[in-house]
Each structure stands twice: as C-alpha cells, then as structure tokens.
Amino acid sequence: MTTQISTLQEYKEAYDQSVKDPEGFWRKEASTFQWEKDFDQVLDWNFEEPNVKWFLNGKLNITLNCLDRHIKDRGDQTAILWEANDPDAPSIRYTYKELLAEVCKCANGLKAQGIKKGDRVVFYMPMVPQLAIGVLACARIGAIHSVVFAGFSAQALADRVDDATAKMIICADYNNRGSKRIPVKKVVDDAMDLGCNSVDKVVVYKQTELPLNWSDDVDISWLDLTKEQSDFCEAEIMDSEDMLFILYTSGSTGKPKGVVHSCGGYMVYTCYSFRNVFQYKEGDVYWCTADIGWITGHSYIVYGPLLAGATTMMFEGVPTYPDAGRFWKICEKHKVNQFYTAPTAIRALMAKGNDWPAQYDLSSIKLLGSVGEPINEEAWHWYDKHIGKGKSPIIDTWWQTETGGIMITPLPGITDTKPTYASYPMPGIQTVLMDADGNELEGNNCEGLLCIKFPWPSMVRTTYGDHERCRTTYFSTFKNKYFTGDGARRDEDGRIRVIGRVDDVINVSGHRMGTAEVENAINEHPNVIESAVVGYPHDIKGQGIYAYIISQDKGVDDDFRKEILAVVTREIGPIAKPDKIQFVSGLPKTRSGKIMRRILRKIASNETENLGDVSTLLNPEVVQEVMDGALK
Ligand code: PRX
C-alpha cells in the first residue's frame, strides 16, 4: 500500500521530498502496486506540447490492483456496499471476491460481444452497482470507458458517443430517483436516432418490470450478457500510458471535451490521495455521495477506495427522499466513518433545518469532506456543528476532472482547517499563484490565478481526438504551467482558498457548465437572435444560470420562457436550465463586437454600483435598459 501520512511532521517531510526529488518520491509510492512488468523510467515531460508520461514502459492492469490483489487478505470484506433509493429495500454488499467474479463475468460478456482493448464503451446509468462493475470490466479488458451522467439529454449523450466513436452503450432501463422513475433506455433510444452510428450494441440492465422499447438486433440485456460467462477473466496487460478512460467536461468555449486519463499514473495518485485525504483505516465504511458520472465518483467511489482495499458505499437515491434525513439515516445505519459530499447538498439540507440530523446517531463519523465548488462559511459551520458535532475535521478538497485526484486539501487530524479554505497542496502538487502578466506571486496574502508548475501522476494527458485543444486550454496561458481556470487567494499563513472560475465556466450545484454551451442550446430556438449566459450567486446552488436573450418577438411571455427551458433540456439536460431569463433588445458589446460579460455578470449579481466605464462600448445605451429590466 502507498504511504499513509499520520503527523504534521510527516506531511512536511513528504511535501519537501516530493518537490526536491519528485521521481524518487513517486517511484517509492508506485512500487507498492502490482506491476506485470516494472517501469523503467518514472517521468518524462514537457508542458509545451504537452507530453506527460509517468512510469514509462510499466505494464499493469488497474483491476488486478483494485480486486485480485486484495483477495488473499480481504476477499470476504465488503468492497461495495449499495444503498437503494427505496429506504425499505435491503442494502446489497459485494465482497472483494464477489466483485471480482462479477467484473470478470461482465468482462467476458463484453469480449463475447466483440469489445476489445482500445474500444470505447459509453455508460449511461443510474447509481447501481452494475455501473461500477461495468466500468471495472472495461478496465479489465483494456476497453476505454466513458461515463455520461444520466441527467444529460439524448442530444448531449449522442454528442459524447459520437465524439468518442463508442462501439457500445451500457445503460439501465429506468432510474429510481426519489419518487420518480426516470426512463433511461428511452433516452438512449433517442440518442441512437440522433447519431451514435459507431454503436453496435446497447446493453440494458433491467431493474424494473416496466415496458421497454426493444430491438433484438441492437439491444441485449445485462443478464444475457453475463449469465453464461465464466467468473474469471484474464486481465489485459496495459501500458502505464494506455488510456483508462475518457470523461467529458465543459470548458469556456465550444462543445464539451473528453478529458483522457491513463492507467499507471491515475492508479498511483488516486490510491495515494484516497489513503491520505480520508485517512482510511481497516474496517472503516467510507461514503462519497457523488455520482459516478462525474470525476469524483470515478476517483473516490470506484478506483481510489478499491485500490486501497476500502469498503466504499454507493447510494442510488437523492438526499431528500423520502425526507431530508436520508443521508443521516444512512450514516447511522452503516456507521459511516468518512462522509464526502458537495456544498450544494449541505446547503439544501441546512435549509431543511437542524432537526433532521439531530434524529440520528452520527457518532461514527470521523471526518467530513466537501468537493466540487467553494463552500461558504455558513454551510461550513453548519456541517461542522450539526453533522461533525465539532469533532470531525472538514476537508475542503479542491480538484478538477483534469487533475484526476484531490490537489489541495487539509489532511484530517494532521493539518489545521479554516472555513472556506482548501488550505494545503498534497505532496507532489506544486501549486503557484500567477498575476495576469505571467509573474509568479511570491509570499503570502495575495490573490491570483491558480496554476500547477510540475506534473503529477494523475494529470490529464490529452483531450480525446484533439490534442491541440488540450494545449491551448491548459498550457498556453502561462509558459510551462498547467492553468486551472480558477482564481485563488493565499492567506497570511500560506493556506489557499479557491474563489472560483475566472473563465466562462459556471458551477451550478457542483455541475460544471460552459456558458457557450448553454448559449448554443438557447440559440437553437428559432425565435432567438442572440443570447448571453452568465453565473450569479445562488443560495443553494452556489451559482445560478442567468440568460439574457434577444428575441425576434416583441411581446415575450411565459410560454416563450417555457420553450427556452425545453430547448435547453433537450440540448443538454435539465441541469443546464436557466434560473432567470431576461429578454433584452441588445447586449452590451465592445467596438469589436465582443459581448461584455463582465457587465452582464455584475447586473445579474445585482452589483451595479461599480460597472466601470461603459462609454467606450458600441452601444452604451443598452446598459441602462438591461439594468432596468434585471430580475432580482
Ligand atoms: O472551480 C473549481 C471547482 O470545480 C471545478 C472543477 O469542476 P469538475 O471538473 O467538475 O470537478 C469537480 C470535482 C472535483 C474547479 O475548477 N471546485 C472543485 N472543488 C472545489 C472547487 N472550488 C472551490 N473549492 C473546492 N473545494
């Protein structure tokens, strides 16, 4: 197992060593895994192309490390503990032995359908164990998984399937979410009508008896895929730098990009970070409430915990079903030791009152995690007082789809915590703050653009099918630095607080959304001439979506608003629906025709005292109109 730091002194030493001798530091951690052939070089890199390779020529399979390696010592220990949406349904457990058998059966089933190393398989599934099993089955045979969050629309799914030229989609029939049954296979059928020409087969995990549209040529049930298969499957031997998965995420421009992670480095870093950030101890029950459709679920529900031999919980439902005590009821039921969730969930539950957590015994909780967006001070204190009872450190973990693992965080019981501060970089992570002119900010008490100046094992390798996009997005803003897109401040003691995106990306309930993507969706409506989308502070979601729309119609009404929401739901999914829509006759623009988002953001945020000089705009007169019509 990778090293587990347990004192402040050890953290400081590990950090120093990781900077002085990164290769020696990561060689030692990497050597704790099972390699089919040892790597012969730790690192080769330049941030110009970029070209980053870790553990060169090492051969491995990540599932041998997640599963087979644990059979001897913990074959009968629970690997995945699953809690259904329905609170009365029994919990389901898979021991490491059982999980290995299920993964192998599925892997053999995939092979029987012609899936082989390098093929792309897209998952569009609710939070059922079969999602984790399917993902690991792909990794077993060297197929590249790409999980698409099951809240995305058919169009968004088809776009991702087409970009990845996937051969197969694996889905469920329905998604049990609170009191709703959401048709999942139907969305896949629609996506197949919209595109997905590369797809040969759709595998359907049926968990209900509800009716389904079925085509014998294309559709195959999960049961038929797996039932005749052997419960052992030889693992495909992968190179360290072979692709493990693609995960689509939004950027400031254009369509979502496929972030590519590779096998060796991702394995080493997710295990190392999991063990240290969550201070996981033998026998603990760890629960991350994220969805596997996002990076948090990949790294800290599936790979990190399983690599570390942990018991990881998966929850099918939502925090408020059947009532706002559900999370706490589950924590009590399974004596959860580490609880990891998003600020948006904390705020939503905080709004339901203190009585909900007070009804449950939360004494098993040793630490509380937060991820996905900045946590505001009020939510931080509520989490600390009502869930952690003042005795469980809060780890505010900052990271991204592209970083693969947690980058900045307190280490519980080891480093201090301060509300709203992600605080300290992990060993191996060389964070810097830059000013807009490209100077590194030295010293403390400063604010700048958050960059990372040295590679780490789980960093993004490329954006699928478009390496140039990877270079321009992350490596062209500052020479020799990975630019995160976030602004941050460093306090007087060197702790880091991540303030939020400085680009045109908004973070709605921890879901990352490109403003350009939402605008493109709105513009699909035939009566829309132009639109501009910005984020604004929202009490529960962190940021809400504010859309300014120029329409052909003079008299705009509620029906038109509804049509806009429907078009966004169709193009992206309900998560991208604007919270506020303001119809305007013009958008403030520079003389070169660029929309002045800075002004629109301020108006949406109700910060109009200091709009700056607007006289140089192409159309300064619209500013007053936009302000007058602003939605509070
Ligand atoms: O703006 C930062 C915010 O979420 C962005 C990354 O989103 P995504 O790739 O979807 O990954 C989310 C889960 C790792 C970042 O650029 N973010 C994430 N965690 C934090 C955060 N902002 C402030 N504090 C955090 N702890």
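A few comments on the model shown:
- Least to most buried among ILE375, ILE499, ILE506 (fewest other Cβ within 10 Å first): ILE499, ILE375, ILE506
- Estimated FRET transfer efficiency when R0 is 41 angstrom, pair LYS20-LYS418 (beta carbons, to 0.05): 0.90
- Segment GLU530..SER215, full-extension length gain: 109.3 nm, with 0.36 nm per residue of separation and the alpha-carbon distance subtracted.
- Of the residues GLN338, GLY438, TYR383, the one whose Cα sits farthest toward the positive end of the charge dipole of segment 322-474, with +1 on the Cβ of Lys and Arg and -1 on the Cβ of Asp and Glu, is GLN338.
- Cα→Cβ-extended label distance, 7 Å offset, between GLN77 and GLU13, nm: 2.5
- Of the trypsin sites (Lys or Arg not before Pro) found in segment 345-425, those that fall in a DSSP loop while having at most 11 other beta-carbon atoms within 10 Å are LYS391.
- Gyration tensor (alpha-carbon) shape descriptor, segment 535-595, a/c threshold 1.5: oblate
- Footprinting exposure proxy for PHE152, PHE47 (fewest neighbouring C-beta atoms within 10 Å first): PHE47, PHE152
- This model, with +1 at the C-beta of Lys and Arg and -1 at the C-beta of Asp and Glu, gives the chain a dipole about its Cα centre of some 680 debye.
- Take the Cα of ILE499, go 7 Å toward its beta carbon, and the backbone nitrogen atoms of segment 454-484 under 17 Å from that spot belong to 484.
- Dipole of the chain, positive direction: furthest Cα of GLY573, LEU306, VAL498, with charges on the beta-carbon: LEU306
- Under the Karplus curve 6.51 cos²θ - 1.76 cosθ + 1.60, θ = phi - 60°, whole-Hz ³J(HN,Hα) for segment 406-422, x wherever Gly or Pro sits: 5, 10, 10, 5, x, 9, x, x, 10, 9, 6, 10, 9, x, 6, 9, 6
- Global geometry of the chain, whether rounded, prolate or oblate, following the gyration tensor of its Cα atoms and the 1.5 cut on a/c: rounded
- Applied to segment 88-97, the Karplus parametrisation 6.51 cos²θ - 1.76 cosθ + 1.60 on θ = phi - 60° returns per-residue 3J(HN,Hα) values of 8, 6, x, 6, 10, 10, 10, 6, 4, 5 Hz, with x for Gly and Pro.
- Phi-based couplings in Hz for segment 278-294 (Karplus 6.51, -1.76, 1.60; Gly and Pro marked x): 9, 6, 5, 10, 2, x, 5, 10, 10, 9, 10, 8, 5, 9, 5, x, 10
- Net lengthening on full extension, ASN610/GLU492 (0.36 nm per residue, minus Cα-Cα): 39.7 nm
- Under 20 Å of direct C-alpha separation, and excluding same-chain neighbours fewer than eight residues apart, LYS12 reaches these aspartates and glutamates: ASP21, GLU23, GLU29, ASP396, ASP416, GLU442, ASP491, GLU492, ASP493.
- Cysteines not pairable in the chain (beta carbon separation under 4.7 Å absent): CYS66, CYS106, CYS138, CYS171, CYS196, CYS263, CYS271, CYS288, CYS331, CYS446, CYS451, CYS470
- Extension gain (nm, one decimal) between GLU442 and LEU631, 0.36 nm per residue minus Cα-Cα: 63.9 nm
- Between GLU234 and ARG93, the simple spin-label model (points 7 angstrom out along Cα→Cβ) gives 3.4 nm.
- In this label model, ALA358 and SER592 are separated by 5.9 nm, measuring between points 7 Å along each Cα→Cβ vector.
- Residue order, fewest to most beta carbons within 10 Å, for ARG495, ARG598, ARG471: ARG598, ARG471, ARG495
All of the numbers you see were taken from the coordinates with simple rules; none came from a lab. Owing to the predicted nature of the structure, the values given are computational and were not obtained by experimental measurement. Note: ideal-geometry Cβ built from the backbone for every residue, glycine included; neighbour counts use all protein chains shown.
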